[in-house]
Structure formats: C-alpha cells, structure tokens
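To start, the structure itself, in structure tokens.
The values are calculated or read from the model by the stated rules, or taken from the named source; none is laboratory data. Predicted model, so just to flag it, every value in this text is computed and none were measured. A quick note on method: Cβ atoms are made from the backbone with ideal geometry, for glycine too, and the neighbour counts reach across all protein chains shown.
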Amino acid sequence: MIRYILTIFFTFVICKGTYGQVSAPYLSMSLEASDKRAKWQPMHKMPAGDFTLEWLKSGDIIVSYNRNEPPMKYLKETNFSAKDLKKVDKNILGFSLKGIYLDPEQPPEFYYVIYFNPKMKNSILLELHALLGHVVSATYYSDKKINPFQNRIYSTLK
C-alpha cells in the first residue's frame, strides 16, 4: 500500500511538468528466433496493467511498464554525431523518431529509441539498441490489438 502511494506521489510530482502521454493495454514483442531474425509475437493484453509513457517538458520521459512497479525516468540523450544519427531510422511505417533515451539502470551503451505516430496517440514503438543502429529488441505498445509492424523483421545481434 505504501509503495502504491509513493508511486502515485512520484508520478504526480514528476509528471506535473508533462506535455504528452501514451497509455496502452496491448503489447507485442519482437522475439529472437533460432536464425537470429526476430519475429513478432501476437498482440496481447498486458496482465499487470497498462504501459504508460509521459513526455516531460525537459525532454525526458517517465515510463511505467505495469501497475506493480514504480515508474522509471529515462533521460533524453542528444549528444550524438551526425554519423551516429544516420544509424537510426527516422521514420518507420508512419511512426517518426521521437527521441533517444538512456535508462539509468542499463549500461551506458544501451539506448531506447522511441517512435511515435500522432495519428495513433496511444501507440508507440520502443527499440532497445546496444550502441546506436544495433537493435537488441523491439516492443510495440498500443490501445488497439493490431500491430502495424507485424511484417517488419529485425536482425538481432549475434
């Protein structure tokens, strides 16, 4: 109960400076197959509550993967060379690059690359990169049970 109250308090205090939010009950993950080519699992409802993401005015984001864990703050990373940024897709099936973020709990060479489509306000593509351009995994969150990335095949690290 105390953890729940602290989570609500943390979210309220941090997120009062927000300017956008995604709330999605469904997800699909791109899982690695034996041939090192990742295939998407079917869309399914998240058992522990909706994924939420809030953009802060600072450019950072607050992410909650489920109601049982406290939200996490990811830091927007902007210190990339033009050469590094060429390794990242700017647009994928109508979803535009929203930002590149650091998770304080991951090693510094891991980045979350986030894509957003303003026509699908509660849908988001989140790629985890080990160094920019090397996708380790991808997860699609949405309020709809349809994955527009279903046919996109990722080659994962060997």
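General observations
- The residue that is nearest to Y26 (Cα to Cα), among those in segment 46-61 that are part of a loop (DSSP other than H, G, I, E, B) and without any contact (Cβ under 8 Å) to a residue 40 or more places away in the chain, is M46.
Condition check ((1) at pLDDT 80 or above; (2) of a type in the set (G, A, S); (3) closer than 23 Å to Q150 by Cα; (4) in contact with a His (Cβ under 7 Å, 6 or more places away or on another chain)) across all residues:
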position: G17; (1), (2), (3), (4): no, yes, no, no
position: Q41; (1), (2), (3), (4): yes, no, yes, no
position: S64; (1), (2), (3), (4): yes, yes, no, no
position: R67; (1), (2), (3), (4): yes, no, no, no
position: K73; (1), (2), (3), (4): yes, no, no, no
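- The single condition among (1) buried (at least 16 other Cβ atoms within 10 Å of the Cβ); (2) modelled with pLDDT of 90 or more that K144 does not satisfy is (1).
- Flag for Y112 being aromatic (F, W, Y) and within 15 Å of the chain's Cα centre (by Cα): yes
The rows are residues; the columns are (1) in contact with a helix residue (DSSP H, G or I) (Cβ under 9 Å, 6 or more places away or on another chain); (2) more than 22 Å from L56 (Cβ to Cβ); (3) modelled with pLDDT under 90.
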site: I92; (1), (2), (3): no, yes, no
site: F95; (1), (2), (3): no, no, no
site: Q106; (1), (2), (3): no, no, yes
site: N117; (1), (2), (3): no, no, no
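- Per-region count, segment 123-158, residues part of a loop (DSSP other than H, G, I, E, B) and more than 20 Å from K76 (Cα to Cα): 14
- Annotation note: Cβ proximity below 7 Å between a residue of segment 62-79 that is touching a residue at least 12 places away in the same chain (Cβ under 8 Å) and of a type in the set (K, R) and a residue that is surrounded by fewer than 12 Cβ atoms within 10 Å (Cβ to Cβ) and in a loop (DSSP other than H, G, I, E, B) (sequence gap 6+ or interchain) occurs for R67/A48.
- Matching option when the condition is closer than 23 Å to A38 by Cβ and surrounded by 13 or more Cβ atoms within 10 Å (Cβ to Cβ), among E77, E127, E109: E127
- Qualifying residue in segment 96-115 (condition: aliphatic (A, V, I, L, M) and farther than 22 Å from A24 by Cα): no
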